[in-house]
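Structure first, commentary second.
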Amino acid sequence: MNKYIRFILPLTIAATACHSEQPVATMKEHFKNDFLIGAAVPVDHVNGLDPRADSIVTMHFNAIVAENCMKSEKINPAEGVYFWDDADAFVDYGERNGMAVIGHTLIWHSQLAPWFACDSAGNYVSAYVLRERMRNYIHTMVSRYKGRIKGWDVVNEAILDDGSYRQSPFYDILGEEFIPLAFEYAHEADPDAELYINDFSMSCPGKRDRYVKIVNDLRDRGLRIDGIGMQAHIGMDYPKIDEFEKSIVAFGNTGVQVMITEWDITVLPTVFTGANVGDIVQLDEKYNPYPEGLPEEVSRAWNERAAQWIDLFKRHSDVISRVSLWGTYDGMSWRNDWPMTGRTDYPLPFDRDYRLKPAFANELLSKN
Ligand code: G3I
């Protein structure tokens, strides 16, 4: 049977499964002996504003991570002011559905609340003040959900591709110590919560080596660290799968869990803006080649690439404890608006009609 026919048949079956309550294979059932299978969830899913996405999440996933509602800018926009409604609803939703709930993210330079590292004149605060603010913030967040959050992304995106530390308010003021401090404070607040360090471009050799050092250093100091999160925002031709695999192996060899935390595969051309998620440029149609739908050959290539990565993750299921997609269906992906607003991307397992794509449908039909 040629590849195209092989794709069409299971797609029909799986599509039916997604639109009905029929007891057919689900991702969480299929991967249950391999790893948790998770999704980033925006508040719209939780609040019932996107019921079809909600059905996908509850049917297929057994882990959820907060896409935005736990970021400091959202939850603690001014000193002493907390906006809990969305995060509370997110945690309730995960509990109600028996899912592992992942907190994202405590210490991150991006989407950082403007007050966090600055005084009223806009200058950096002292090391002492920043340590106290970090302690207060982490204690407040982690204690509120004590016993309800399986694990926290404690530090996010701290390292550059070459392995050097990213310049951020945390690094500028506290140097490398901000990482162990964050882990110490999180563990004080909930000694049973798992604690993770998370980053993108984890296939880069410099980053790989640095994270192995960081994990070993944290453990040498007697601090708790449970896992390394590999974001996996990948494209059709980057990164090289064998370089990514080297990082899975190197991280697994440290003895902590490896997690694929933010998986998606863009088909769109790269628009260079720098690495900051805040750097957004206006739509230019020449960088938006598929506004009306994905040509068959591109769709086929996407599914082939997705299948290769599923195989990779399964091959390393001895060290990979969770694979989380950064979203569920194409229409809701951050990729449509970054780094250029208003593009049409196709990065997730479910399409804009909430149908499971062939790579995943075929996987569910295969014997595991
Ligand atoms: O909620 C406001 C809305 O009120 C406003 O009208 C609109 C206009 O721009 O913005 C909305 O907020 C946006 C928010 O997503 C919710 O959609 C922010 O501008 C936008 O910057 C924000 O982007 C998020 C981004 O992180 C920055 O926090 C993406 O949704 C989210 O998927 C992305 O997730 C990150 C991970 O946390 C860390 N790793 C990389 C990953 C992808 O960038």
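The values are calculated or read from the model by the stated rules, or taken from the named source; none is laboratory data. Model, not experiment: these values are computed from the prediction. A quick note on method: Cβ atoms are made from the backbone with ideal geometry, for glycine too, and the neighbour counts reach across all protein chains shown. Keep in mind that these areas ignore ligands, DNA and RNA; they rest on the heavy atoms of the full protein, side chains included. Shrake-Rupley method; radii C 1.70, N 1.55, O 1.52, S 1.80 Å.
If you put +1 on each Lys and Arg Cβ and -1 on each Asp and Glu Cβ, how big is the dipole of the chain around its Cα centre, in Debye rounded to 20?
Working: 37 positive and 54 negative charges, 167 e Å.
Charge dipole, the chain, about its Cα centre: 800 debye, nearest 20.
When you have a sec, figure out the Kirkwood radius of the chain from all distinct Cα pair distances and drop it here in Å to one decimal? Present the calculation step by step, with values, prior to reporting the outcome.
Working: mean 1/r = 0.0472 Å⁻¹.
After inverting the mean inverse Cα-Cα distance, the result is 21.2 Å.
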Quiz prompt | Sequence of Lys74, Lys150 from largest to smallest accessible area, 1.4 Å probe | solution = Lys74, Lys150
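Express the carbon and sulfur contribution to the solvent-accessible surface of the chain as a percent, rounded to the nearest whole number, probe 1.4 angstrom.
The computed percentage sits at 50.
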Exercise. Please give the contour-minus-distance gain from Arg135 to Ser366: 0.36 nm per residue of separation, less the Cα-Cα distance, rounded to one decimal in nm.
Key: 78.4 nm
Quiz item: According to a simple spin-label model (label point 7 Å from Cα along Cα-to-Cβ), what is the distance in nm between Ser143 and Asn97?
Solution: 3.1 nm
Quiz item: Where the centre of each part is set by its Cα atoms, how far does segment 177-193 sit from segment 202-260, in angstrom?
Solution: 19 Å
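Are there chymotrypsin sites (Phe, Trp or Tyr not before Pro) in segment 225-275 that DSSP puts in a loop and that have at most 13 other Cβ atoms within 10 Å, and which ones? Mind dumping the intermediate values first?
Details: sites: Phe244, Phe251, Trp263, Phe272; in loops: Phe272.
Of the chymotrypsin sites (Phe, Trp or Tyr not before Pro), the ones in loops of segment 225-275 whose Cβ has at most 13 other Cβ atoms within 10 Å are Phe272.
Write down the accessible area per residue of the chain in Å², having rolled a 1.4 Å probe over the full set of protein chains.
Numbers: 15410 Å² over 368 residues.
I get 42 Å² per residue for the chain.
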Quiz item: Under a plain spin-label model, where a point goes 7 Å from the Cα along Cα-to-Cβ, how far apart in nm are Asp337 and Asp44?
Solution: 0.9 nm
Practice problem: State, to one decimal in nm, how far the label point of Lys246 lies from the label point of Val24, with both points 7 Å from Cα in the Cβ direction. | Solution: 4.1 nm
Exercise. Using R₀ = 25 Å, calculate the FRET efficiency as 1/(1 + (r/R₀)^6) where r is the Cβ-Cβ separation of Cys118 and Asp217; round to 0.05.
Key: 0.30
Quiz item: Given H placed 1.01 Å from N in the peptide plane, which residues other than close sequence neighbours of Ser324 have an amide H under 5 Å from its amide H?
Solution: Gly38, Ile260, Thr261, Glu262, Trp263
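How would you order 133-142, 196-205 from highest to lowest mean count of nearby Cβ atoms within 10 Å? Spell out each step's value before the answer.
Details: 133-142: 19.0, 196-205: 22.8.
Packing proxy ranking, top to bottom: 196-205, 133-142.
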